[in-house]
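Note sheet for the following structure.
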Amino acid sequence: MSTSDPHCLFCKIIEGKIPSDKVYEDEEVLVFKDIHPWAPVHFLMVPKQHMASMAQVGPEHAALLGKMLLLAPRLAREQGCNPYPEGGFRILINTGAEGGQEVQHLHIHVMGGPRPWLRG
Ligand code: 5GP
Ligand code: ZN
């Protein structure tokens, strides 16, 4: 199904050309651990279809983005985030240079676990 960018790091991870520590996968979404975690739990959720950032999304992506957001709490708990409200997690989507985005394939950071964290 996916449109892929041959120069994109996360497309290469999705295609298995670069290894990753997978957390979850279905036809539309891949979730893997961040290689430089800021927190005890830190994973990235990416659409398998290449899209550069939140600056490019439209109404046609509503279901996919909704599905990813709804998946985040479940995976956060499965990965070891403590229960709300004492535990919880942080969801972050860096967008563009001034938004701190380094990899130009839309990704949702999910971070959690006991503090202190390295960053965030
Ligand atoms: P951004 O700054 O674009 O929001 O986040 C990119 C994230 O991707 C960073 O947290 C960085 O650690 C992570 N990352 C960069 N390269 C790789 C990689 O090759 N594998 C994995 N698993 N994560 C990566
Ligand atoms: Zn990509």
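The values are calculated or read from the model by the stated rules, or taken from the named source; none is laboratory data. Worth saying up front: this structure is predicted, and the values here are computed from it rather than measured. Here the Cβ is made from the backbone with ideal geometry for all residues, glycine too, and neighbour counts use every protein chain on show. Remember, those area values only see protein heavy atoms, side chains included, never the ligands or the DNA or RNA. Shrake-Rupley method; radii C 1.70, N 1.55, O 1.52, S 1.80 Å.
Every residue, every condition in (1) within 16 Å of ligand 2 (Cβ to nearest atom); (2) under 16 Å from the mean Cα position of the chain (by Cα), yes or no:
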position: Ser4; (1), (2): yes, no
position: His7; (1), (2): yes, no
position: Ile14; (1), (2): yes, yes
position: Lys22; (1), (2): no, yes
position: Glu25; (1), (2): yes, yes
position: Val29; (1), (2): yes, yes
position: Ala39; (1), (2): no, yes
position: Lys48; (1), (2): yes, yes
position: Ser53; (1), (2): yes, yes
Practice problem: Could you tell me whether the stretch 74-82 includes any residue that is open to solvent by 30 Å² or more (accessible area, probe 1.4 Å) and either among the hydroxyl-bearing types (Ser, Thr, Tyr) or within 16 Å of ligand 2 (Cβ to nearest atom) (or both)? | Solution: no
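For the stretch 90-120, what are the residues that are among the β-branched types (Val, Ile, Thr) and near ligand 1 (Cβ under 8 Å from one of its atoms)?
Ile93, Val103
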Quiz item: From the set of residues in the stretch 85-108 that are under 17 Å from His36 (Cβ atoms) and open to solvent by 60 Å² or more (accessible area, probe 1.4 Å), which is nearest to ligand 2 (Cβ to nearest atom)?
Solution: Glu102
Quiz item: Does the stretch 24-46 contain at least one residue that is more than 16 Å from Leu92 (Cα to Cα), buried (at least 17 other Cβ atoms within 10 Å of the Cβ) and in contact with a Pro (Cβ under 9 Å, 6 or more places away or on another chain)?
Solution: yes
